[in-house]
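What follows is a single structure, written as structure tokens, with notes after it.
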Amino acid sequence: MKRHIVRSLGPERAIREAYGDFLVEIGEDERVVVIDCDLGHSTKAAKFSERYPERYLEIGIQEQNMIGVAAGLAAVGKIPFTSTFAIFATGRPWEQIRLSVAYSNFNVKIVATHGGVATGEDGASHQMTEDFAIMGAIPEMKVLSASDYHSAKSLLRAMYEYEGYAYLRLVRPKSPTMYEGEFPYRIGEANLIKDGSDVAVVATGLPVHHALKAAWELEEEGISVAVYDFLSVKPYDEEAILDAARRPKGILVVEDHVFWGGLGMAVAAFLAGRGISVPLQFLNMDDRFGRSGKYAELYRLYGLDSEGIKERIRRMVA
């Protein structure tokens, strides 16, 4: 766990923009090859194609083939980055990821944009809210989740430097920046971004800045809230969970994901395994699909925005 206190929110930036920007930064490494499935302008991978067209493979809507090609490239020493929407990056080629990449232990980086119900108006068919579960079920898979533009850059660099396969979830909407710039990151670490003494919020991805805003506003009501940014869902930061469990009013786990196989279930299992008894509550997509609507409307509907988080914390301390 690292202490990385955030004191204000910066201008909004699209988290997925970090992907294209980072690829351009590492493009001089001739081992890097980028593969996309007809969505390069949405995933921002197309930025790489403008600088290094000879190492950018646009293979059309062939997600399973994309993973097979990536595995082949990794077998000859390349570092392939694959990208498409989260619903297509994880659901369609899961068997290929499991066998061709993970079982074969190839150095493939899987980057998924448009994760979670935050995908919005595209509706449940495109809202991947099960990716932590299905990717986390693969042995030794690293499952990462960016919370803002700068954390995305930091996670991408960690993936690039890591010798092995990994999955990163990015999202569609713009969001406020929390971190001032890219920072050194070791896979598995969480950041304590606000300290507090009553309740701990353990959050990942886009809901993190909502949790931070809620915590600041609750301070005015005399409720002290700590906020942890879990940039790695698997492996998770055990030290951070133990630290969160010190808060007398308990832990609230917030994620844009179904409950089953998500961060909340992992936190619960870890605490139970250690015999630690602490009040524990969850804000997530529970056991349901999303629906079509604007991102802000959906986060309000499912309680994932700052108002929903504040309301739950108030009940925890009552």
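If I filter region 106-117 down to residues being within 12 Å of the chain's Cα centre (by Cα) and not in a strand (DSSP E or B), which single residue comes out as farthest from Val33 (Cα to Cα)? The selected residue is Gly116. When the helices (runs of 4 or more DSSP H) confined to region 1-83 are screened for residues that are under 19 Å from the mean Cα position of the chain (by Cα), those reaching at least 2 such residues are found at 17-25, 40-43. Given the criteria assigned to a loop (DSSP other than H, G, I, E, B) and aromatic (Phe, Trp, Tyr), does Tyr236 qualify? Spelling it out, Tyr236 is indeed assigned to a loop (DSSP other than H, G, I, E, B) and aromatic (Phe, Trp, Tyr). Residues in region 274-310 that are within 13 Å of Val199 (Cβ to Cβ), out of contact with any Asp or Glu (no Cβ under 7 Å at 6 or more places or on another chain) and either of a type in the set (Lys, Arg) or free of Cβ contacts under 8 Å to residues at least 60 places away in the same chain (or both): Val278, Pro279, Leu280, Gln281.
One residue stands out in region 51-77 among those that are modelled with pLDDT of 95 or more and of a type in the set (Gly, Ala, Ser): the one that is surrounded by the fewest Cβ atoms within 10 Å (Cβ to Cβ), namely Gly77.
Residues in region 155-179 that are part of a helix (DSSP H, G or I) and free of Cβ contacts under 8 Å to residues at least 40 places away in the same chain were compared, and the one that is surrounded by the most Cβ atoms within 10 Å (Cβ to Cβ) is Ala158. Of all residues in region 58-70, those that are assigned by TED's automatic domain parsing to the domain that holds Val111 have Cβ atoms under 7 Å from Cβ atoms of residues that are of a type in the set (Ser, Thr, Tyr), 6 or more apart or on another chain, in Glu63/Thr84; Met66/Thr82; Ile67/Thr82; Ile67/Ser100; Gly68/Ser100; Ala70/Thr82.
Check whether at least one residue in region 286-305 is of a type in the set (A, V, I, L, M), over 14 Å from Ala203 (Cα atoms), modelled with pLDDT under 95 and out of contact with any His (no Cβ under 9 Å at 6 or more places or on another chain), and report yes or no. Scanning region 286-305 turns up no residue that is of a type in the set (A, V, I, L, M), over 14 Å from Ala203 (Cα atoms), modelled with pLDDT under 95 and out of contact with any His (no Cβ under 9 Å at 6 or more places or on another chain).
The values are calculated or read from the model by the stated rules, or taken from the named source; none is laboratory data. All values reported here derive from a predicted model rather than from experimental measurement. All Cβ positions, glycine included, derive from the backbone under ideal geometry; neighbour counts span all protein chains shown.
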